[in-house]
Amino acid sequence: MDNLSTNERVLWSGAPRQGLVLRASDLLMIPFSLLWGGFALVWEYSVLSSDAPLLFRLWGMPFVLVGLYMIAGRFMVEAWQRAYTDYTVTNERIIIRSGIFKRRMKSLQLRAMGEFSLTENGKGEGTIAFGISAAGNMFSGLASWPGIDELPRFDTIADARKVYEIIRNAHSAAHHTRPFGQRLG
């Protein structure tokens, strides 16, 4: 791992599950996307097959594109994002590296880190979220729109509880060590 400080040790590293991932939020999103996309496609087909003005022909195109993204594109974009994401826990910080076209690295210092939570399924796979989302986690499983930052997290990782315990222990140890230069007594 690049960019580690002198005394920094890797405690765990991994990546999110690859391929198609269906989430609880898809119980609502799949029917909604099919209704949206279906309506947009019927509208556009009826306008294109009639002698409608150019404005009407162009009007439906953005709705068709959004519908196609919601139906299938979001799954492909999210899978592509996960293919270029990896996670690391060190004795000093949490590191999330991601980015399809431009690699980004997010580093969370364990000493300064606040709350973190684990959501786990019956197979031991889960997500560890760092911080509290203002909007809650209801739609955290949706592939975000480009340019929108989301809550830092280790998404769909295997052995999530084990990783959570590694983070919890490292977080606790970081809070029980004194900062560099601080004197005792």
Would you check if residue 33 is at pLDDT 95 or above, out of contact with any Gly (no Cβ under 9 Å at 6 or more places or on another chain) and surrounded by 12 or more Cβ atoms within 10 Å (Cβ to Cβ)?
no
(1) modelled with pLDDT under 95; (2) surrounded by 12 or more Cβ atoms within 10 Å (Cβ to Cβ): which one isn't true of residue 15, the others all being true?
(1)
For the structure I just gave you, tell me whether residue 92 is in contact (Cβ under 8 Å) with a residue 60 or more places away in the chain and buried (at least 17 other Cβ atoms within 10 Å of the Cβ).
yes
Flagged in segment 1-21 as in a strand (DSSP E or B) and farther than 20 Å from residue 152 by Cα, in numbering order, are none
Long-range neighbours under 6 Å by Cβ, at least six apart or interchain, first residue part of a helix (DSSP H, G or I) within segment 52-76, second hydroxyl-bearing (Ser, Thr, Tyr):
70/33; 71/33
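I'd like the full set of residues that are at pLDDT 90 or above and not charged (D, E, K, R), limited to segment 1-12.
10, 11, 12
Of the residues that sit in segment 70-79 and are crowded, with 17+ Cβ neighbours inside 10 Å and within 17 Å of the chain's Cα centre (by Cα), which one is farthest from residue 42 (Cα to Cα)? Before you say what the answer is, go through the steps one by one.
Filtering segment 70-79 for residues crowded, with 17+ Cβ neighbours inside 10 Å gives 70-71, 74-75, 78.
Going one step further and asking which of them are within 17 Å of the chain's Cα centre (by Cα), we end up with 70, 74-75, 78.
Working: 70: 16, 74: 21, 75: 23, 78: 27 Å.
Among residues in segment 70-79 that are crowded, with 17+ Cβ neighbours inside 10 Å and within 17 Å of the chain's Cα centre (by Cα), the one farthest from residue 42 (Cα to Cα) is 78.
The values are calculated or read from the model by the stated rules, or taken from the named source; none is laboratory data. All of these numbers come straight from a predicted model, not from anything done at the bench. So basically every Cβ, Gly included, is an ideal-geometry build from the backbone, and we count neighbours across all protein chains shown.
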